[in-house]
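Visitor: The structure is given below, and queries will be raised subsequently.
Nothing in this text is a laboratory measurement; each read-out follows from the coordinates by a stated rule. Quick caveat: nothing in here was measured; it's all calculated off a predicted structure. Cβ coordinates were reconstructed from backbone atoms using ideal geometry, including for glycine residues, and neighbour counts include every protein chain displayed.
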Amino acid sequence: MSFTDAFRLALRALGRNKMRSSLTMLGLIIGVGAVIAVIGIGQGAAAKAQEQLAAMGSNMLFVGSGSMNRSGLHTGHFQTKTLITADARAMVRECPLVSAAAPGTSSGQQVVYGNQNWATQITGTEPQYFDVRNWPFSAGSSFSEEDVIQSATVAVLGETVRKNLFGPANPVGQVIRIGTLPFKVVGVLAPKGISAGSGQDQDDAIFAPLTTVQKKLLGQDWLRWIMVSAVSREASYVAQRQIESLLRDRHKVKSGDDDDFVVRNLADIADAAAEQGTVMTILLTIVASVALLVGGIGIMNIMLVSVTERTREIGIRMAIGATEEDVRRQFLTEAIVLGLIGGTAGILFGVASSVAVSKWLEWPILIPSYAIGASTLFAIAIALFFGFYPARKASQLNPIEALRYE
Amino acid sequence: MAIWNSSSLAEAPAATSHLPVISVREIRKIYDLGETQVHALRGVTVNIKAGDFVAIMGASGSGKSTFMNILGCLDRPTSGQYLLEAKDVSSLHKKELAAIRNQKIGFVFQGFNLLGRTTALENTELPLLYSRVTKKEQERRAREALNLVGLAQRADHFPSQLSGGQQQRVAIARALVNKPLILLADEPTGNLDSRTSVEIMEIFQKLNREGLTIVLVTHEPDIARFSKRAIVFRDGHIKRDELVDSPQVASEVLKTMPTIED
């Protein structure tokens, strides 16, 4: 029997029991669909996270004020008052691998424009902050160094704040109120989206000159953090050690005592995010493989039923000259066709559900061609593996008994 | 009009020589049922020459079905020799037996054994699926075989749309499609009424006249009377083997029977 004959026979046999065949394939469809969807969504998420981290600047270091140890009682982060603007200046001056450092502080405030208001985070910093974070403007521009020196009441809006306060109107030149103070809007930042590291909306923020926030809003002269840009991603690890030793020196931290600051390297966060994505993909792939396995068992089950039901047919075929190999090939081809159709339907289902998820969550998807090829092959391999036993069973039937089977 | 193309049988050497097509020597078949052994055949020797029409008779348990299965290469004897066209097939491998069933033997069963939801034409093509024949040639030969049994117009009908007699004729067409050396029929009229049975015997007699060797298992003496030679089995032995005195001619018997349109 030729392969085309076997294929034709298989299609017809499956077509006779459409309902049963589709239910048999369902396991594979769900399994392959799940694999494709998981890979598509997972790879898309990983690509997006990497893109975000790259946009954030993977050569970035974050220096935060640390916790204190008061008579054995530890406070949380951002509690020490020892991190100051002069530290930022010293980093640029004394650490050769630091290219820029932007000191800053922040606090939650209610912001009002006209009859709109919005609770957000106000960040006091210096103009180089936007360079360090690699953050472009969509309208207007940053406040100037002059504004910082003069503690001017000017502000830059994040996209989320702009949307909530101004809607379609142009905010540049308008005056908003932060706490009790009026601020003139000088610029709007381009949207940056959800932070891959912390999960916060980075656009839900207002930026103003550091001195203005320190003196006029908070009445403090210390910093909560310094954003540092290293000359390159590779240099960031060495720059981190340079900064740590510089700050220990400046803050007179005795050896053996806890630091009164923390330094975080965004390259670490990027690595952690990538690793998290990989772990997630592996986990979901295991779940999807179990689904595929169950689908395979479903195929075996139905093929066994089918062989029993068609015992007489097998007997007739053998009596008129079908060899064991012919019978085995016929049933194996049926299993493979089940796998092929189920696998193809599963790919369509997987792609469709990935697209649906991406539309719904505004999440990018990325389905590599190897995933499609591999899952098709896997579906066929499963069908072959689980179809082999029933096909063998059919081929081992005794034609005399098979002919007598009622 | 010749319904069986005798020129095709000229290819078979046995048809022209005087050697028997089937030569069975001292065949025994023992079924081992663990504690007991069942002797189905206890040494059977028989020769069937080309162009013969043999009826095999006997009660159930007489060994005639076992004998048929061995003749049909569906089963192998425990001991003894089975020469088909002077070739010993009693020790062949399963795969070679399948090829012999496909090329040399045509089967007709009591229960017709057609595939349901498959047209008469495709049922007839079935043996060709296991021969190396192109799709086009398969259809040509199947139509030719259906024509031989007078069912050319029913080629696209399903078995459920055919009467018992028509179904059996499709089964005969299927048995003929590979131009076999012998036709083995196991109780071919067992499920048919008497007139239809005679119609089937008429087809067999026509095929036999064209040179086809036929071996027919039946327990009905009326049916055996259409054959040329009757072999009676009993307890695994051949009890009687004799020529049929003036065999009946089915086409003439039909004239005396009331017509029932199927």
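Visitor: Relative contact order of chain A, please, whole-number percent, based on alpha carbon pairs below 8 angstrom and at least 6 residues apart. Don't jump to the answer; show the numbers that get you there.
Guide: Details: 752 pairs, mean separation 117.4, N = 406.
Worked out over chain A, it gives 29 percent.
Visitor: Run through the DSSP bridge list for the protein assembly as shown and note the antiparallel percent, rounded to the nearest 5. Display every interim value, and only then the final one.
Guide: Working: 63 of 89 bridges.
Counting only bridges with both partners in the protein assembly as shown, antiparallel ones make up about 70 percent.
Visitor: Placing +1 at every Lys and Arg Cβ and -1 at every Asp and Glu Cβ, with all other atoms neutral, what dipole size does segment A:320-373 have around its Cα centre, in debye to the nearest 20? Walk me through the numbers on the way to the answer.
Guide: Numbers: 3 positive and 5 negative charges, 46 e Å.
That gives segment A:320-373 a dipole magnitude of about 220 debye.
Visitor: Turning to a different aspect of this structure: Considering only DSSP beta bridges with both partners in chain B, what is the antiparallel share in %, to the nearest 5?
Guide: For chain B, the DSSP antiparallel bridge percentage is about 60.
Visitor: Anything over 30 Å Cα to Cα? Flag those among A:LYS18/A:LYS48; A:LYS192/A:LYS359; B:LYS64/B:LYS95; B:LYS94/B:LYS228; B:LYS94/B:LYS135, in the order listed. Spell out each step's value before the answer.
Guide: Details: A:LYS18/A:LYS48 42 Å; A:LYS192/A:LYS359 19 Å; B:LYS64/B:LYS95 25 Å; B:LYS94/B:LYS228 32 Å; B:LYS94/B:LYS135 26 Å.
Listed pairs above 30 Å: A:LYS18/A:LYS48; B:LYS94/B:LYS228.
Visitor: While we're looking at this one, here's another question. Using a 10 Å cut-off around each Cβ of peptide A:183-193, what is the average number of partner chain Cβ atoms that fall inside?
Guide: Details: counts 0, 0, 0, 0, 0, 0, 0, 0, 0, 0, 0.
Neighbouring Cβ atoms belonging to other protein chains average 0 per residue here.
Visitor: Near the amide H of A:ARG264, under 5 Å away, which other amide H atoms are found, from residues 5 or more places off or on another chain, if H is placed in the peptide plane?
Guide: For A:ARG264, whose amide H was placed from the backbone, the distant partners under 5 Å are A:PHE62, A:VAL63, A:GLY64.
Visitor: For peptide A:309-320, what's the mean number of Cβ atoms from other chains within 10 Å of each residue's Cβ? The partial results should precede the final answer.
Guide: Numbers: counts 0, 1, 0, 4, 4, 0, 3, 10, 6, 6, 13, 16.
Mean number of neighbouring Cβ atoms from other chains: 5.
Visitor: Please give me, ordered by residue number, the GluC sites (Glu not before Pro) of segment A:207-312 that lie in loop per DSSP and have at most 15 other Cβ atoms within 10 Å. Working shown, then result.
Guide: Details: sites: A:GLU234, A:GLU244, A:GLU275, A:GLU309; in loops: A:GLU234.
Within segment A:207-312, the qualifying GluC sites (Glu not before Pro) (loop, at most 15 other Cβ atoms within 10 Å) are A:GLU234.
Visitor: What size of dipole, in debye to the nearest 20, comes out for segment A:81-259 about its Cα centre when the only charges are +1 on Lys and Arg C-beta atoms and -1 on Asp and Glu C-beta atoms? Intermediate values should be presented prior to the final figure.
Guide: On the way: 18 positive and 18 negative charges, 54 e Å.
Value, rounded to 20: 260 debye.
Visitor: Ranking B:THR196, B:THR36 by Cβ neighbours within 10 Å, fewest first, what do you get?
Guide: On the way: B:THR196 19, B:THR36 7.
Final ranking by Cβ density, sparse to dense: B:THR36, B:THR196.
Visitor: For a footprinting-style exposure proxy, rank A:MET280, A:MET318 by other Cβ within 10 Å, fewest first. Intermediate results must be reported in sequence, preceding the final value.
Guide: Details: A:MET280 15, A:MET318 27.
Least to most surrounded, the residues fall as A:MET280, A:MET318.
Visitor: Based on the Cα gyration tensor of chain A, what are the three equivalent ellipsoid semi-axes, each the root of five times an eigenvalue, rounded to whole Å and given largest first? Write down the numbers at each step before the final one.
Guide: Numbers: eigenvalues 914, 115, 49 Å².
Ellipsoid half-lengths, sorted descending, are 68, 24, 16 Å.
Visitor: Between segment B:40-75 and segment B:113-181, what is the C-alpha centre distance in whole Å?
Guide: Here the two parts' Cα centres lie 26 Å apart.
Visitor: Using the Karplus equation 6.51 cos²θ - 1.76 cosθ + 1.60 (θ = phi - 60°), what ³J(HN,Hα) coupling, rounded to whole Hz, does each residue of segment B:118-123 give in order, writing x for Gly and Pro?
Guide: Per-residue couplings from phi come out as 9, 5, 4, 4, 5, 4 Hz.
Visitor: Between A:ILE320, B:GLN167, A:VAL156, whose Cα lies farthest towards the positive end of the dipole of the protein assembly as shown when Lys and Arg beta carbons carry +1 and Asp and Glu beta carbons carry -1, centred on the Cα centre?
Guide: In the protein assembly as shown, that residue is B:GLN167.
Visitor: Additional query: Which whole-number percent of Cα pairs in segment A:81-259 have a distance greater than 23 Å? Spell out each step's value before the answer.
Guide: Working: 6956 of 15931 pairs.
Result for the distance tail: 44 percent.
Visitor: I've got another one for you. Order of A:ILE269, A:ILE282, A:ILE316 from fewest to most other C-beta atoms within 10 Å?
Guide: Numbers: A:ILE269 20, A:ILE282 10, A:ILE316 24.
By the 10 Å Cβ count, ascending: A:ILE282, A:ILE269, A:ILE316.
Visitor: Here is a follow-up. Any chance you could give the angle, 0 to 90 degrees and rounded to 10, that helix A:369-395 forms with the longest Cα principal axis of chain A?
Guide: Helix A:369-395 sits roughly 30 degrees off the main axis of chain A.
Visitor: To test your reading of the geometry: what angle, between 0 and 90 degrees and rounded to tens, separates the Cα axis of helix A:85-94 from the longest principal axis of chain A?
Guide: Approximately 70 degrees, to the nearest ten.
Visitor: Output the antiparallel fraction of DSSP beta bridges having both residues in segment A:81-259, as a percent to the nearest 5.
Guide: Counting only bridges with both partners in segment A:81-259, antiparallel ones make up about 75 percent.
Visitor: So which trypsin sites (Lys or Arg not before Pro) in segment B:108-191 are both in a DSSP loop and have at most 13 other Cβ atoms within 10 Å of their Cβ?
Guide: B:ARG117, B:ARG132
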